[in-house]
Amino acid sequence: MAHRLPSLLLILLFLPTASEATWSVVKLEDDSKSIVVAGASCSFMVYGIASVVPGKGVAIVQAASSEQARAYASEQIAAGLPLKTILAHIIDSTFIPDVDEQQYALLSFAEWQEPVTYTGDETSAWRGAKSSPGISVQANTMVSEKIVSAAFNILQGKTSSDLELAEQALVALQAGSAAGGDSRCGEATASSAFISVFRATDQPSMPYINLVVFGIEPGAANAVSRLAALFALWRAEGAGNRSTQQFVVP
C-alpha cells in the first residue's frame, strides 16, 4: 500500500543524497518560462539531484551528487553568471575533489540556446548526455546509450501548457525505462523516480507539481511505472491545483 507523508517532514528527513545510477531529463519552456525536471534511479531516493531557480534555470548534480556543487551552481544561476563559468568552477578538483565521479547539467533562460553538461570519467558506464536548446538528458550506469536518445527524442516536441510539459517529461522518463534504464535494477529499471514542474512565479519550495516515488526494493517494481500511476491519480483528482507535493513509499 502507498503511504503519503507530509512533504515538509520528508524534506527534512530525506535531504539530497548521492544517486550513483541515474537518468534525468530537463526542459525549459522558453515562452512560459516554466521548468520541468524528472529523474529515475536504482537507488533509495533519486529526488534531490536538481536545484531549480524558478524563472531562471536549473542545476542537475548526479552520480556522486555533490550538494556543494549543486548549491553553488544554483546560486550562480540565480545571480546570472554565465553557465560555462559556473561549470568551470564546479569541475575544478580544488572545489570538488571527486569531480571525476560527478555528472552535471546546467540550463538557464538567459542562455537557453546552450545548455552545458559534464560527465566525469569515473562515473559508471554507460554514461553520457545529450542536449539542445532548453533541453538536456544525462545518465550514468545505464544499460546503453539508447536510454538518453529515447528520452531526448520525446522532449523535442512543443508543449502549450504546464500540464503538457509535465506529461512530456513523464513520457520521456518512461521511454528511458523502456530502453532498459538503470543496469542494476534489471527489468524493473528503477527503484525511485520523481517529476517536478516549476512555473516562473513559483517559490523553490512550492512547485506546481512535485511527485516522488522512493524506497522500492531494487528489482521489486518499476518506480517509473509507479510514478506514472501517481501522476494519473493526480490528474484524476484535479490537475491544475497548485503546489501539489506527494512523496510515496510503495
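The values are calculated or read from the model by the stated rules, or taken from the named source; none is laboratory data. All figures in this text were calculated on a predicted structure; none of them were measured in a lab. Quick reminder, even Gly has a Cβ in these numbers, built from the backbone with ideal geometry, and neighbours come from all protein chains shown.
Inside the range 222-233, can you point out the residues that are crowded, with 16+ Cβ neighbours inside 10 Å and either out of contact with any Leu (no Cβ under 7 Å at 6 or more places or on another chain) or more than 13 Å from V46 (Cβ to Cβ) (or both)? Hits for the range 222-233 are N222, A223, S225, R226, A228, L230, F231. Scanning the range 26-64 for residues that are among the β-branched types (V, I, T) and either under 16 Å from I77 (Cβ atoms) or in contact with a Leu (Cβ under 6 Å, 6 or more places away or on another chain) (or both) gives V26, I35, V36, V37, I49, V52, V53, V58, I60, V61.
Working only within the range 42-98, note down all residues that are within 21 Å of V137 (Cβ to Cβ), among the β-branched types (V, I, T) and part of a helix (DSSP H, G or I). Answer for the range 42-98, where residues must be within 21 Å of V137 (Cβ to Cβ), among the β-branched types (V, I, T) and part of a helix (DSSP H, G or I): I77, I86, I90. One residue stands out in the range 184-208 among those that are in contact with a Phe, Trp or Tyr (Cβ under 7 Å, 6 or more places away or on another chain) and more than 28 Å from V143 (Cβ to Cβ): the one that is surrounded by the most Cβ atoms within 10 Å (Cβ to Cβ), namely F198. Among residues of the range 215-237 that are closer than 15 Å to L163 by Cα and of a type in the set (A, V, I, L, M, F, W, C), those with a Cβ under 9 angstrom from a residue that is at pLDDT below 95 and loosely packed, with under 14 Cβ neighbours inside 10 Å, sequence gap 6+ or separate chain, pair up as L230/A2; W234/N241. Restricting the search to helices (runs of 4 or more DSSP H) fully inside the range 133-250 and requiring at least 2 residues that are of a type in the set (D, E, K, R) gives 162-178, 223-236. Tell me, yes or no, whether the range 229-241 has at least one residue that is in contact with a Ser or Thr (Cβ under 7 Å, 6 or more places away or on another chain), aromatic (F, W, Y) and over 17 Å from S34 (Cβ atoms). Within the range 229-241, none of the residues are in contact with a Ser or Thr (Cβ under 7 Å, 6 or more places away or on another chain), aromatic (F, W, Y) and over 17 Å from S34 (Cβ atoms).
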